[in-house]
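Comments concern the structure below.
The values are calculated or read from the model by the stated rules, or taken from the named source; none is laboratory data. The structure displayed is predicted, hence computed values, not measured ones. Note that we place each Cβ from the backbone using ideal geometry, even for glycine, and neighbour counts take in every protein chain shown. Keep in mind that these areas ignore ligands, DNA and RNA; they rest on the heavy atoms of the full protein, side chains included. Shrake-Rupley method; radii C 1.70, N 1.55, O 1.52, S 1.80 Å.
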Amino acid sequence: MQSDQRNTPSALEDHLGFWLRFVSNHVTQRFQALLADKGISVTEWVALRTLFEQESGSHLNLIDALGMTKGAASKIVTRLEEKALAQRRAVPNSGREQEIVLTALGRSLVPELAALADQNDAHFFGDLAPAQRELLMASLQHIVKQHQLKIFPLS
């Protein structure tokens, strides 16, 4: 009996999502290993990089960047404090409000970790021609914008 092609499901390999996830998993796993050698998680890296852009940050900034609850973001800040990479400071004249700032150690670590991210990108995407990389980046950014994706990938 011949199978009706209308009832035959498409193969995994026929889906862009499969290939995106396949590549993403490998890119992420390698980056996680590079960061682990420095004692940092991907979530901590995103928090450090977010704080690096500002003189100081708030829990709200990190909550937005990490896509986490206030409690979960607070745990990340605590881990960064335990590693002497960030500290909480009271905001003058604001009652209980705190700001989060990178320590000198945290600020000096960010460029080193960014270099690892650059190396990881080069490892996976370095064989693409510049035009291919630009097209891939633009295509993915278009999807993010089209679907209003806001939460940073953390794993």
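Surface composition of the chain: carbon and sulfur atoms hold 56% of the protein heavy-atom accessible area at a 1.4 Å probe.
Separation of the stretch 12-32 from the stretch 65-105 is 32 Å, based on Cα centroids. Potential lengthening of the chain between SER58 and THR28 amounts to 8.1 nm, from the contour at 0.36 nm per residue minus the alpha-carbon distance. The count of lysine pairs in the stretch 7-155 with alpha-carbon distances below 27 Å, taking only pairs 8 or more places apart or on different chains, stands at 8.
The simple Förster model, with R0 at 22 Å and r as the Cβ-Cβ distance, assigns LEU149 and SER10 a FRET efficiency of 0.35. By the combined test of axial Cα extent (at least 30 Å) and Kyte-Doolittle hydropathy (mean at least -1.0), the qualifying DSSP H helices of the chain come to 104-125.
Taking every protein chain into account, the accessible area of the chain amounts to 70 square angstrom per residue (probe 1.4 Å).
Amide H contacts for SER58 (H built 1.01 Å from N in the peptide plane; partners 5 or more residues away or on another chain; cut-off under 5 Å): ILE100. Across the options GLN87, ALA65, THR8, the greatest Cα extent toward the positive end of the charge dipole of the stretch 1-144 (unit charges at beta carbon of Lys, Arg, Asp, Glu) belongs to GLN87.
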